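Heads up: the structure comes next, in structure tokens.
The values are calculated or read from the model by the stated rules, or taken from the named source; none is laboratory data. Predicted model only: the values in this text are computed from it and were never measured. Cβ coordinates were reconstructed from backbone atoms using ideal geometry, including for glycine residues, and neighbour counts include every protein chain displayed.
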Amino acid sequence: MVQLAIPKWKRMPLPEDIFASGESDASCVADIPQRIVVQRRFPQRLRMEKSLGNSFNIFVSQASKNNMTMTVKRSFEVQQAYYHYTVHKPCFAENIHIEAEAGSKAFIVIEYDQDDSVFTNHHQWIQINGRKGCDLHLMVIQKLSPKSRYFSQQVAYVEEGGNVKITTLSLGAALTALSVEEHLLGRRANGDMKLGYLLVGDQRSDYCNSMFHKAPQTTSNILAKGVLRDQCKKVYRGNLFFDPGSPQSVGREEEFATLLNPGVVANSLPALICREDDVIGEHAASASQLDQEQLFYIMSRGHSKKRAEQLIILSSFSEMMEDLSEDKRQSINDWISRRLQVERQISDF
Amino acid sequence: MLLNIKNLVATVEDTEILKGVDLTVGLGEVHVIMGPNGAGKSTLANVLMGHPKYQVKDGAVEFNGEDLLDMDVDERAKKGIFMSFQHPQEIPGVALANFIRTAKREITEQKVNLLEFSKELVSKLNQLNMKQEYMDRSLNQGFSGGEKKKSEIVQMAMLKPKLAILDETDSGLDIDAIKVVYEEIQNMAQKDNSIILITHYSRILDFVKPDAIHVLKDGKIVATGDRSLADRIEAEGYDIFN
Amino acid sequence: MERKKSYIEDVERGIYDIVDQEKHAYIVDKGLTEEIITEISQVKNEPQWMLDFRLKCLKIYKSMPVPMWSADLSELDIENIVHYVKPDAKQSHTWDDVPDYIKNTFERLGIPQAERESLAGVGAQYDSEVIYHSMSEHLARQGVIYMDIDKALIEYEDIIKEYFMTLITPHDHKFAALHGAVWSGGSYVYVPEGVQVDLPLQSYFRLNAKGAGQFEHTLIIVEKGASLHFIEGCSAPKYSVQNLHAGAVELFIREGAKLRYSTIENWSRNMYNLNTKRALVDAHGTIEWISGSFGSKVSMLYPMSILQGAHAKSEFTGVTFASTGQYLDTGMKVIHAAPYTNSTVHAKSISKNGGYAYYRSLLRVLESAHNCKSTVNCESLMLDNFSKSDTLPIIELFNDQVDIGHEAKIGRISDDAIFYMMSRGISEEEAKAMVVRGFVEPISKELPLEYAVELNNLITMELEGTIG
């Protein structure tokens, strides 16, 4: 394996061992409908996107043991696929290609769980080809241990009339670097990105959501909501691009950060880059403590302050979990509640 | 004596709003508080419930013989105080039924029988002309102003507080809604529950028979009386108390 | 005295490396020597400490690379900065050399001929002495000092020494260091405790032809409880063949004081405007920035407010209009360094005909700054498809008890609005101009009337395309 240089990031220093080679494995429980064909191979990279940077791109290509191509066939009903990984080795690298054929409809959930004592460098490359008129929702739920690292690069290309929605719930890991990009290539393509994150203890994250409007009448929406507690740190970059040739496009970007105590560090860099005049682009970023009015209201119905805080925090993620079943939502809520109750996070980083 | 307020002085951001309020409410009594805008009516309600943005500078409040001001918000709820908010909060992802059931469990510190609870809730929703599906909807999210107010009354009816403080519950409701809401209120008062109704409109007196009507003006209770007091206000306005 | 430094390529992830890579270029500058700096200082009769300071700045200047993270500064003749600063540098052009668009603007704004020549740097010093003197007497009665900073350095040496370049230090960036070495001219204003200066002070009247204010330094101190409105610049374009403007503005606002600092910048289209402006605000003090940026070829302007006292406040209202060949990179930086501080930013930008308008900002809330509030609102209007408009804000929070809201919008003039106005008989051009003026109205209404009128005229001219 090529010795890879650890990139130097201004706002988030990276530890030395993120590209350590090692056993790479995870057990998986999957529930796949007939109209989604899965092959254990990964076709080429669709394009060399910048994502997290060259080093990360190269590492995932070389180290990946979980290569997968999911082809979603055209259907009338929404095909639901569900993958549940339990990661138990120090390295887990995967390359996933999702081909959403023209007119296909699918909701794919990939969830990662892990015992609190396990340490893993989890590297991920997911690319989506959203063909004409497709309707795809990919949800990635990361519930790694407080020791692990999560490096995820997700890139989607959306053709004419296609709709690709990517929701990421990044709830665990000591260090997370996430880059989600959508390229709206065809007329009336729609891109939707949702990011929900929870940071407690010493956790650190660098999130980047980029939406590229490259064709006329494309629409997009980016929503990032997160909760920060203890001594965590987050950097959020939201990039909304309107390239020349994207007239009558509309794009929105919103970020809300809830800060629970002094000592958290929250950086936001919402950017709007516009090269086309006939567009509407909006972005908003806000940060504040828990809504005092909400707290008071819930406590006035007999809930303790802690429970009230928990309820508000869980409520903030509810928007992200709309498409999930009641049971799944409940189990994620339980996981979050447990994570919130832990006083100290053990982390190597 | 359920509630005894003596010389209550309260400020918000260094501005004094309540300037020495005295009020007593007995078991099973209905008290109406009227007054001009800015008099401090909502402030009084919020201070009794324990809103952190208000600071109590002087005075005492006894609830069932205990010092109320010493208690945190949720403690006061557990003691049996309920406030119906003027602007109820939206909590997405938390279903109305679940919220009320959990609250009931916190307050009574007992398990809640699911079947009984659901039956009662459905019946209350019916009484207030609210569709059953509201049970599963996210608390107050997407509810109209009137529906939010009714949702507050449903919560009150299910939690059965010893003292319910209703802050301008009638504003935003049409005449039919006012009728059913106040029927429920009167219902509650017939048992040993007490009610403090804060309102602008003397119209509600057509539906509720109060034990006393108080006028709160410039942070103090300036008059106490019966229905005739309300009629005078209707005819002559609040300036008569200058 | 060359020194080479190697820099680790620190690539910022995200938009900054997609759009611009952080690069540096190291240039050997033979022209600017200690001898020349010493000459400048001696001609002005400066105290020794100022000469020492200048020389120290020169050293720092030479050791720093030219920043390449934004505009293309390659056309700036950095290797020959000395041409800009030599005391005997003469304006070598005549009225005929002055570009037509400048002359047209003077015409439209109704500038008197004598003034035109002065602004264009070809005439004798504009005789504003009369106006200046009557203002001077009025101010003197209140104890307000308003004079050339060169003079103040001699007459009020102690104060100048205490404040000069403490807020903008030579280590901040290359052009701050350059400024420290070659600064010349500018305004010094001192408002004593409790004095409310009732008329706005305008630096325009301090213009002089020589050097055309390239490296002027403005130092304003507003003492406890006092208030002042200072207007810098003017809407009439200033023309000069020497194309670098690296001035500095240091504003000190004491407890409970208020300063409104208005600027209209309309440098000629060959200018590189790299001004640095900073305000330091004490408890309960307020700084209001009003800014209109129209001219220059390249502008990199980020006024900065440092709120160091509790309950300090910063308000910024500005508009940037970028047209053909212009690269206007402007914004606002606010540091909340104390609790209960408040900042607002209303920034508008218009880009047209290939102009680049960038809004770049920083909001930083330090650990000690609890209970502070900040609202940022930026709107960009693009008038056609050849222009570019970017919004690149950075928010850094080190405290949880904050209330931060940032919003930005980008778009074009609504067809519906144009159609509506045209249906009432207004021509398309006039309708567009009305929309743009309306867009800019929050800024123009903060300015004294004559400036607002000039601003509107400038906009009309920009839209007509009579400029540039």
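Below is a table of values for the structure above.
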quantity	calculated
Complete set of residues in the stretch C:347-395 that are facing chain A (nearest Cβ under 10 Å) and β-branched (V, I, T)	C:V365, C:T375, C:V376, C:T391, C:I394, C:I395
Top-ranked residue in the stretch C:396-419 [being touching a Phe, Trp or Tyr at 6+ places or on another chain (Cβ under 9 Å) and within 7 Å of chain A (Cβ to nearest Cβ); ranked as surrounded by the fewest Cβ atoms within 10 Å (Cβ to Cβ)]	C:A408
From the options A:S318, A:S331, A:S304, A:S325, residue that is without any contact (Cβ under 8 Å) to a residue 24 or more places away in the chain and more than 25 Å from the chain's Cα centre (by Cα)	A:S304
Subset tally (residues that are more than 9 Å from chain A (Cβ to nearest Cβ) and small (G, A, S)) for the stretch B:89-132	4
Every residue from the stretch C:336-355 that is over 27 Å from C:A322 (Cβ atoms) and surrounded by fewer than 24 Cβ atoms within 10 Å (Cβ to Cβ)	C:A337, C:A338, C:P339, C:Y340, C:N342
Test: residue in the stretch C:272-281 that is modelled with pLDDT of 95 or more and in contact with a Gly (Cβ under 7 Å, 6 or more places away or on another chain)	yes
Residue, farthest from the other protein chains (Cβ to nearest Cβ), within the stretch C:420-433, restricted to residues that are free of Cβ contacts under 8 Å to residues at least 12 places away in the same chain and small (G, A, S)	C:G425
Residue tally, condition out of contact with any Phe, Trp or Tyr (no Cβ under 8 Å at 6 or more places or on another chain), away from chain A (no Cβ under 11 Å) and either surrounded by fewer than 17 Cβ atoms within 10 Å (Cβ to Cβ) or not hydrophobic (A, V, I, L, M, F, W, C) (or both), over the stretch B:138-161	8
Yes/no for C:H311 being buried (at least 24 other Cβ atoms within 10 Å of the Cβ), not assigned by TED's automatic domain parsing to the domain that holds C:Y272 and not charged (D, E, K, R)	no
Residue in the stretch A:291-313 that is under 28 Å from A:Q142 (Cα atoms) and of a type in the set (S, T, Y) present	no
Failed condition for C:K151, given (1) among the charged types (D, E, K, R); (2) at pLDDT below 80; (3) within 17 Å of C:N45 (Cβ to Cβ)	(2)
The stretch A:284-318, subset of a type in the set (D, E, K, R) and surrounded by 18 or more Cβ atoms within 10 Å (Cβ to Cβ), residue nearest to the other protein chains (Cβ to nearest Cβ)	A:R301
Candidate set: the stretch A:226-271, residues that are of a type outside the set (D, E) and at positive phi; chosen: the one nearest to the other protein chains (Cβ to nearest Cβ)	A:G263
Selection status of A:R74, within 17 Å of A:L138 (Cα to Cα) and touching a Gly at 6+ places or on another chain (Cβ under 7 Å)	yes
Test for C:T317: is it touching a residue at least 24 places away in the same chain (Cβ under 8 Å), part of a strand (DSSP E or B), closer than 25 Å to C:N353 by Cα and not assigned by TED's automatic domain parsing to the domain that holds C:E107	yes
Residue in the stretch B:28-49 that is in contact with a strand residue (DSSP E or B) (Cβ under 8 Å, 6 or more places away or on another chain), assigned to a loop (DSSP other than H, G, I, E, B) and within 12 Å of chain A (Cβ to nearest Cβ) present	no
Condition check for B:G80: surrounded by 15 or more Cβ atoms within 10 Å (Cβ to Cβ), within 14 Å of chain A (Cβ to nearest Cβ) and out of contact with any Asp or Glu (no Cβ under 8 Å at 6 or more places or on another chain)	yes
Lone unmet requirement of (1) within 12 Å of chain A (Cβ to nearest Cβ); (2) among the acidic types (D, E); (3) surrounded by fewer than 19 Cβ atoms within 10 Å (Cβ to Cβ) for B:D167	(3)
Search result, residues across the stretch B:57-76 that are buried (at least 16 other Cβ atoms within 10 Å of the Cβ) and in contact with a Leu (Cβ under 8 Å, 6 or more places away or on another chain)	B:G59, B:V61, B:E62, B:F63, B:L68, B:R76
The stretch A:166-217, residues that are away from every other protein chain (no Cβ under 14 Å), over 20 Å from A:K143 (Cα atoms), part of a strand (DSSP E or B) and not charged (D, E, K, R)	A:L184, A:N190, A:G191
A:S220 vs. criteria at the interface with another protein chain (Cβ under 7 Å from one of its Cβ atoms), of a type in the set (G, A, S), closer than 25 Å to A:A177 by Cβ and part of a strand (DSSP E or B)	no
Test: residue in the stretch A:61-74 that is closer than 16 Å to A:Q127 by Cα, assigned to a loop (DSSP other than H, G, I, E, B), at pLDDT 85 or above and in contact with a strand residue (DSSP E or B) (Cβ under 6 Å, 6 or more places away or on another chain)	yes
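Each row is one residue, and each column tells you yes or no for (1) on the phi < 0 side of the Ramachandran plot; (2) modelled with pLDDT of 95 or more; (3) buried (at least 22 other Cβ atoms within 10 Å of the Cβ).
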{"residue": "C:H217", "(1), (2), (3)": "yes, no, yes"}
{"residue": "C:V222", "(1), (2), (3)": "yes, yes, yes"}
{"residue": "C:E250", "(1), (2), (3)": "yes, yes, no"}
{"residue": "C:A257", "(1), (2), (3)": "yes, yes, yes"}
{"residue": "C:N266", "(1), (2), (3)": "yes, no, yes"}
{"residue": "C:N270", "(1), (2), (3)": "yes, no, no"}
